[in-house]
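Participant: The structure's right below; bear with me while I get my questions together.
Nothing in this text is a laboratory measurement; each read-out follows from the coordinates by a stated rule. What you are looking at is a predicted structure, and each value in this text was computed from that prediction instead of being measured. Quick reminder, even Gly has a Cβ in these numbers, built from the backbone with ideal geometry, and neighbours come from all protein chains shown.
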Amino acid sequence: MLTLAIDTSTKTGSVALLRNHSILAECLTNLGINHSETLLPTINTILSVAGVETAEVDLFAFTAGPGSFTGLRIGASTVKGLALATGKPVVGVSTMDALALNVANSTITICPMLDARKKEVYTALYRPSRDSMPEKIERDRVVNPEEFLKGLNGNVIFLGDGARNYVGLIKEILHGKSYFAPPHLQHVKASAVGLIGMKKFSKGDILNLTAFVPQYLRLSEAEMKKVTGNR
């Protein structure tokens, strides 16, 4: 089974091609360039290097959110186009789930954290699991980091740009109970998206191409202005 997985949920972008659970090729970019400029060329490069045609891909997986509104829209529209052109299924993967998989071998609580701007973060909580994929114990959410951190107990490992931005606050509130993933594990990897995506596919968790939308968790700036303007 060939799975093409992409991530455009943050400033970094990633594309990976997997055959079953083996990673054939993967590329991660952190260039500060809009995903609309890099995603399709990266997909083409990955497929070309692997000697695979788009029509040969059996499954498409992508990060469905939370994350950058623009990035999520680009990822969703790209995958939708590929799926409609090939007739192949699509699965959406939580950005938090994919990021947490980077530290799946942790023995303590896992807390992925992405910058949501407006002094907020996207986050969730996980505990180690025997099946190599962390078990989610608190749902994806957008929160005030200080309020969220005050509710944590025990040792916690953090990762993601949100954790990096609030490292001082995390250390202050958790008093020696906070740990941080190394730099090479701080970004969402498309290979993790693919692995989770295959597991979801095996359970029949497939997206409806005409109905699915990214999981933003909150209104966009334009939507907020529209709502407040109508009051």
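Participant: So which of LYS11/LYS118; LYS136/LYS199; LYS80/LYS119; LYS11/LYS80 end up more than 25 Å apart, counting from Cα to Cα?
Facilitator: Among LYS11/LYS118; LYS136/LYS199; LYS80/LYS119; LYS11/LYS80, the Cα-Cα distance tops 25 Å for LYS80/LYS119.
Participant: Quick one: which residues, 5+ away or cross-chain, put their amide H under 5 Å from the amide H of ILE206? H built at 1.01 Å from N.
Facilitator: Hits under the 5 Å cutoff: none.
Participant: Okay, moving on. When the Karplus curve 6.51 cos²θ - 1.76 cosθ + 1.60 is applied with θ = phi - 60°, which whole-Hz ³J(HN,Hα) does each residue of the stretch 90-102 get, with x for Gly and Pro?
Facilitator: Once θ is set to phi - 60°, the couplings for the stretch 90-102 become 10, 10, x, 10, 4, 4, 5, 4, 5, 5, 4, 5, 4 Hz.
Participant: Then there is this: Can you pull the one-decimal nm distance between simple spin-label points at SER132 and SER77, each 7 Å off the Cα toward Cβ?
Facilitator: 3.6 nm
Participant: Kyte-Doolittle cut-off 0.0, length cut-off 24 Å along the helix's own axis using Cα: show which whole DSSP H helices in the chain pass.
Facilitator: Numbers: long enough: 69-86 (26 Å, 0.88).
Going by DSSP H runs, the hits are 69-86.
Participant: What Kirkwood radius, in Å to one decimal, follows from the Cα pairs of the stretch 1-99?
Facilitator: On the way: mean 1/r = 0.0756 Å⁻¹.
Kirkwood radius, the stretch 1-99: 13.2 Å.
Participant: Moving on. If I take the Cα coordinates of the stretch 42-104 and project them onto the principal axes, what are the three extents in Å, biggest first?
Facilitator: 30, 24, 19
Participant: Give the Kirkwood hydrodynamic radius (Å, one decimal) of the stretch 1-59, defined as one over the mean of 1/r across all pairs of different Cα atoms.
Facilitator: So the Kirkwood estimate lands at 11.6 Å.
Participant: Something else now. What value, in deg cm²/dmol to 500, does the helix sum -39500 (n - 2.57) over DSSP H runs of n ≥ 4 give at 222 nm once divided by the residues of the chain? Show your work: numbers first, answer last.
Facilitator: Working: 8 runs with 81 residues, N = 231.
My calculation for the chain gives -10500 deg cm²/dmol from helical runs alone.
Participant: Same structure, new question: Karplus couplings for the stretch 178-189 from phi (6.51 cos²θ - 1.76 cosθ + 1.60, θ = phi - 60°), rounded to Hz, Gly and Pro as x?
Facilitator: The phi angles translate into 9, 10, 10, 5, x, x, 6, 10, 8, 10, 5, 10 Hz.
Participant: Scattering from the C-alpha atoms of the stretch 96-137 alone, worked out with Debye: what is log10 I(q)/I(0) at q = 0.18, 0.19, 0.34 1/Å?
Facilitator: Those come out to -0.46, -0.50, -1.18, one per q.
Participant: Determine the relative contact order of the chain: mean sequence separation of Cα pairs under 8 Å and six or more apart, normalised by residue count, in whole percent.
Facilitator: 23 percent
Participant: Let me ask something else. List the extent of the Cα atoms of the stretch 104-185 along each of their three principal axes, largest first, rounded to whole Å.
Facilitator: Cα extents, longest axis first: 36, 27, 25 Å.
Participant: Continuing with the same structure: Charges on Cβ only, +1 for Lys and Arg, -1 for Asp and Glu, centred on the Cα centroid of the chain; of VAL167, PRO134, LEU24, which one is farthest towards the dipole's positive end?
Facilitator: VAL167
Participant: Specify whether the C-alpha gyration tensor of the stretch 73-119 places it in the rounded, prolate or oblate class, a ≥ b ≥ c being the square roots of the eigenvalues: rounded for a/c under 1.5, otherwise prolate if a/b is larger than b/c and oblate if not. Don't skip to the end; give the middle numbers.
Facilitator: Values: a/c = 5.38, a/b = 1.76, b/c = 3.06.
Verdict is oblate for the stretch 73-119.
Participant: Further question: Once you wrap a convex hull around the alpha carbon atoms of the chain, what is its projected area averaged over all directions, in nm²? Please list the in-between numbers first.
Facilitator: On the way: hull surface 53.7 nm².
So the mean shadow area of the Cα hull is 13.4 nm².
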